[in-house]
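Visitor: Please read through the structure below; I'll follow up with questions.
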Amino acid sequence: MIKKHDRQKNEKGRNDPRAQAALPIDPAVKARQFQTLRGMKDVFGEDQHRWFLLEKEARRSAEDYGFQWMETPMLEESALFVKTIGRGTDIVDQEMFSFETQGGEKVSLRPENTAAMVRAYIQHGMWTQPQPVKLWYWGPFFRYDRPQAGRLREFHQLGFEVLGDASPLADALLMIQAVELLGSIGITVDVELNSIGCTTCRPTYIEQLTQYYREHRSSICAECKKRLGKNVLRVLDCKERGCERIKAEAPQSVDALCEACKDHFMRLLEYLDERDVPYMLQPTLVRGLDYYTRTVFEIVVREPEAAAASGAAPASKLALAGGGRYDGLVEFLGGRPTPGLGIAFGIERVIHAVRNAASTVPEPVEKRVFVAQLGEAARRSALKLFGKLRQQGIPVAHSFSKDGLKAQLEVANALKVPYTLIVGQKEVLDHTVLIRDMEGGVQEIVAEDRLISELQRRLSELNGVKAVRVPAPPIEPDEPLDPEDIEVL
Ligand SMILES: [Zn+2]
Ligand SMILES: [Zn+2]
C-alpha cells in the first residue's frame, strides 16, 4: 500500500530536476580509494576516551556555572562573519569556506561561533530573559587554512558565551572556569591577558600604534606592511622574528585606557588574585578580531618546570583557549546595547595536551559485566539476557560474533570486566547463568531470577553506587512528526 504522502514524495522526486541529475561517476574515481579531504581527519581509536572525557567535564562545568546548551547551524550567511570578524583579518580575507547555494544565497561554513551565538541571542529575543544569558556549545568549525601549519581545516571548538553582563567579575569567572576545566582533565595552564580598551579609548591607541609602525615600516615583514593599512592590531599577532623585535617596543594598550576601562581591568585583576588564578599581563595580546573590547585573554599550557629550568629557548606557548569581551557586538548586529564576553577552546589542541599529560589522567574503566555464550541456543538466550541487563541499567559488554568461549574470555579480559556471565546449553535448560569472577577465576551458578539482584550487589560493592546506572526514563515524543517534514528520511 502506498500512503498519500509517499506518493506525493515520489512525484516530487520525479519533478525535481536536481533529483534526476545524478552525479556522473568518472571511471577514474570509481577505481580509486577515497581519502579524507586535505586538512580534515577522522577521530577514532585511543582518542575517543579523551574526547568523551573532555565533553563530560565541559558539560559538568557548564551546568555548575549556569550555562545552557545552544547549537547553531554550521552554515550561516557569509555577511554575518564578514561584518563581525571584519575585513583585514586572515579569517575573512583568506580562510572562509564560502560558496553560493543553488538558491543564490552567499553562505559560509562557520569559522568561529561568537557571531552566530549573538545572532541567535538577538533572533530569539533572549534579552527578554533574565540577564545574563549564558550559552555554551561544542561542534565543528571550518577554516580554509594552510594545513602544513599543523592546523586542520575542520576543527572543533567548545565555548562559553555570556550576554548581558558588564561586570569584571564575569570576565574573571570565565577565566576561573577555564583553568578549572582544563585542570580537571590534568592540564596545568596560565592565563595571559590584556585590555584593549573601548570605543572611547581604543581609537587613541590605534593612532599611537599606527604612528609607531609607520616609523618602523622598513623593519617589518611584507605581510605586516599590508596589515598596517588594513588593521594595525593584526601586526601585533605576527610571529616573524623581525616583527617580534619591533613589537617589543610598541606602545601598549593598557597605557591608553580611559578611566572606565582602567577601573574594569583593575577590578578583574583583583578578582583573579582573590582566587589565586595564575595570570600574566601580556601587553601585546590583542586577538585581532574587530569585535573585541576591553578584556582579551588566552589560556596557555604551563611550561613544564624542568623545561623552564633547563634554560631551553622558550617555544611559543600553546594556547588552548582564547576569548574576550565584545561589548558592542550585539548592538552592532542590530540588537539592543548588550555587553558580552566569551571563550572558545580548540578541542584538538586540548586533546593533544591531554595526550601529553596522559600519565596524570587515568583512562576511565567502567566496571561492566561481559555476556558470553556457547552454542546456538545459548546465543539466543544470551542475546535476551544482554537486553535485560541493559534495561536494568547494568553496564554490559559482549562479543556475540565469536563462537569459542576462550576467544570471548579474551575480549572480556581486554575490557577488564570484573565478571563474565556464561550461558551454555546446560544453563539454558536449567534457567541458570554461570558468573565467573575474572580475577580469581571462581565460577558460581546463579538462578536466572536471582541474577539481577546478585549482579547489582556485586557491582555496587566494587565501586559504590556509581556502577549501576539509573535506567533513563522513556522519552515521550513531543508531537507526532509531520511526514512532509521528514521526506529526507
Ligand atoms: Zn575605554
Ligand atoms: Zn610581520
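What follows draws every value from the coordinates through simple rules; no lab data is involved. A quick note: this is a predicted structure, and the numbers were derived from the prediction, not measured. Don't worry about glycine lacking a Cβ; one is built from the backbone with ideal geometry, like all the others, and counts go over all protein chains shown.
Visitor: Cut-off is 10 Å between beta-carbons; in what order do 64, 42, 145 appear when sorted fewest neighbours first?
Guide: So the ranking, lowest neighbour count to highest, is 42, 64, 145.
Visitor: Which of 56/388; 56/406; 388/426; 106/226; 225/317 have a Cα-Cα distance over 30 Å?
Guide: Values: 56/388 27 Å; 56/406 35 Å; 388/426 20 Å; 106/226 27 Å; 225/317 25 Å.
Violating the 30 Å Cα-Cα cut-off are 56/406.
Visitor: In addition: Which order do peptides 378-386, 238-246 fall in by mean Cβ count within 10 Å, highest first?
Guide: With the highest mean Cβ count within 10 Å placed first, the list reads 378-386, 238-246.
Visitor: Just rank 47, 290, fewest to most, by other beta-carbon atoms within 10 angstrom. It would help to have the intermediate numbers written out before the result.
Guide: Working: 47 15, 290 18.
Fewest-to-most Cβ neighbours within 10 Å comes out as 47, 290.
Visitor: Now a separate question. How large is Rg over Rh for the range 123-188, taking Rg from the Cα atoms and Rh as the Kirkwood inverse mean of 1/r across Cα pairs?
Guide: Details: Rg = 15.8 Å, Rh = 14.6 Å.
Taking Rg over the Kirkwood Rh, I get 1.08.
Visitor: Where Lys and Arg each count +1 and Asp and Glu each count -1, what net charge lies around residue 159 among other residues with Cβ under 12 Å from its Cβ?
Guide: So the environment of residue 159 carries a net charge of -1.
Visitor: Please compute, over every Cα-Cα pair in the range 369-467, the percentage with a separation greater than 16 angstrom. It would help to have the intermediate numbers written out before the result.
Guide: Numbers: 2488 of 4851 pairs.
More than 16 Å apart: 51 percent of the Cα pairs in the range 369-467.
Visitor: Using the Cα centre of the range 369-467 as origin and beta-carbon charges of +1 (Lys, Arg) and -1 (Asp, Glu), tell me which of 447, 432, 378 is placed farthest towards the positive end of the dipole.
Guide: Positive-end residue among those listed: 378.
Visitor: So how far apart, in nm, are the two label points at residue 453 and residue 105 if each is 7 Å from Cα heading toward Cβ?
Guide: 5.9 nm
Visitor: Please compute the length gained on full extension between residue 379 and residue 331, using 0.36 nm multiplied by the number of residues separating them and subtracting their Cα-Cα distance. All intermediate terms of the calculation are to be shown ahead of the outcome.
Guide: On the way: separation 48, 0.36 × 48 = 17.28 nm, distance 6.39 nm.
That pair, residue 379 and residue 331, stretches by 10.9 nm at full extension.
Visitor: Just rank 195, 78, 401, 453, fewest to most, by other beta-carbon atoms within 10 angstrom.
Guide: On the way: 195 32, 78 19, 401 7, 453 11.
By the 10 Å Cβ count, ascending, the order reads 401, 453, 78, 195.
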